[in-house]
Ligand code: TXA
Ligand code: MG
């Protein structure tokens with residue numbers, strides 16, 4: 001299949017493809033999504049196939065107004081309505097009881113459904129002009145870092161999807177926060193662009209799913225159980241100072257390995273390849289997936305990065321790094 005490159009002033013072409021049951025990549029403010037008609041089994045099957053995504057991992061559905069939620073849910077709990085009013089359009093996916101009208105492939109057979117109104121003009125125009133709710137997981141091959149540019153999408157999915165709408169680099173750089181509003185407590189299943197602190201300022205206490213602090217617990221967000229965001233070379237988190245990081249890098253170099261490093265400043269390291277994630281967590285979120293992807297263009301054997309304090313948007317950055325590392329944490333002071 002030839003993948004059409006669609007400029008953001010050619011949205012009509014994207015609308016036509018979506019209405020024909022095709023799947024296309026679209027920009028959002030978080031990462032690029034791979035969009036298809038949420039009520040069309042054929043389109044949804046194409047999404048799972050193009051990504052190589054396990055069929056037990058449900059998709060989230062993108063809408064363009066709060067009214068459009070009524071296509072997929074019969075009622076909105078008051079706490080969810082307050083989150084919508086405060087954070088939509090934006091990087092917040094809200095899990096609600098499904099009314100069963102989305103393709104059963106979208107919800108992977110669950111009785112709940114994730115909804116989000118993206119804050120991106122091209123995505124909103126695609127939804128409005130097609131008149132469809134758009135199921136859209138991140139537009140990467142399953143397991144790879146999510147795409148933050150149209151070129152990242154092409155690198156993973158060229159020839160496997162009908163089109164890519166190029167909206168330039170995405171603004172936030174990590175995915176939306178996934179929050180479960182089906183029970184008595186509001187629980188974050190996946191940290192993301194909207195922070196726990198921002199939500200608590202609006203609705204009071206918000207819980208973190210046990211899986212986010214204890215990797216042994218059974219994940220409630222099916223997607224969280226798979227290895228994610230991983231470059232080819234193994235990633236290790238270093239629980240220590242910047243000096244500890246450099247010491248670990250020196251040791252591994254002495255063992256004959258080529259080392260990559262990710263750092264939260266602009267200073268060099270002893271590693272063969274160092275990528276800077278900038279000096280703020282907002283910039284780190286924007287740069288993270290591009291940096292992880294770029295390691296695959298190098299010949300490093302191992303990648304090292306310091307742990308960070310998981311508060312605010314750093315909770316999302318830390319969660320993605322922890323997943324990329326497959327949970328491998330080095331404790332240099334303890335281990336020494
Ligand atoms: O920012 C984002 O959320 C991007 C852009 C394209 O909108 N989309 C995205 O989709 O990251 P995806 O499919 O890569 O991640 C959605 C996450 C997965 O971890 C999935 O398991 C979880 O949401 N999820 C979806 N439906 C769910 C449900 N009913 N209950 C619990 N978790 C659900
Ligand atoms: Mg994803």
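Bear in mind these aren't lab numbers, they're just calculated from the coordinates by the rules spelled out. What you see is a predicted model, and the numbers here were worked out from it, not measured in a lab. Neighbour counts are summed over all protein chains in view; Cβ atoms, including those assigned to glycine, are modelled from backbone coordinates with ideal geometry.
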ask   = Spin-label point model (7 Å from Cα, Cβ direction): what's the residue 258 to residue 208 distance in nm?
value = 3.6 nm
remark   = Nearest-0.05 FRET efficiency for residue 67 and residue 296 at R0 = 41 Å, using Cβ-Cβ distance, is 0.45
inquiry  = Report the Cα centroid-to-centroid distance between region 60-119 and region 138-199 in angstrom, as an integer.
reply    = 16 Å
ask   = Using the alpha-carbon atoms, what tilt in degrees (0 to 90, nearest 10) does helix 242-254 show relative to the longest principal axis of the chain?
value = 70 degrees
request  = Can you put 46, 51 in order of Cβ neighbours within 10 angstrom, beginning with the fewest?
outcome  = 46, 51
request  = Please give the length that would be gained between residue 160 and residue 49 if that part of the chain were fully extended, namely 0.36 nm times their separation in residues minus their C-alpha to C-alpha distance (nm, one decimal).
outcome  = 39.1 nm
inquiry  = Per 0.36 nm of contour for each residue apart, how much would the distance between residue 247 and residue 328 grow if the chain were fully extended, relative to their Cα-Cα spacing?
reply    = 27.4 nm
task = Return an integer: the convex hull volume of the alpha-carbon atoms of region 1-156, in Å³ per residue.
result = 101 Å³
ask   = DSSP beta bridges in the chain, what fraction antiparallel, as a percent rounded to 5?
value = 35 percent
message = From the helices alone, meaning DSSP H stretches of at least four residues, give me the mean residue ellipticity at 222 nm for the chain, per-run term -39500 (n - 2.57), in deg cm²/dmol to the nearest 500.
response = -9000 deg cm²/dmol
remark   = The ratio Rg/Rh over the Cα atoms of region 244-330, Rh being the Kirkwood inverse mean 1/r radius, stands at 0.94
key: Rounded tilt (10° steps) of 281-295 against the dominant C-alpha axis of the chain   = 80 degrees
query = So which residue, out of 110, 157, 134, gets the largest mean-square fluctuation from a GNM of the chain using Cα contacts under 10 Å as springs?
reply = 110
task = Would you mind computing, in nm to one decimal, how far apart the modelled labels at residue 272 and residue 201 are, each placed 7 Å from Cα along Cα→Cβ?
result = 4.5 nm
key: Candidates 167, 21, 159, ranked by Gaussian network fluctuation over the chain, Cα under 10 Å, top entry   = 159
ask   = For residue 111 and residue 9 in one chain, what is 0.36 nm times their gap in residues minus the Cα-Cα distance, to one decimal in nm?
value = 33.0 nm
request  = Would you please give the FRET efficiency between residue 1 and residue 309, computed as 1/(1 + (r/R0)^6) with r the Cβ-Cβ distance and R0 = 45 Å, to the nearest 0.05?
outcome  = 0.50
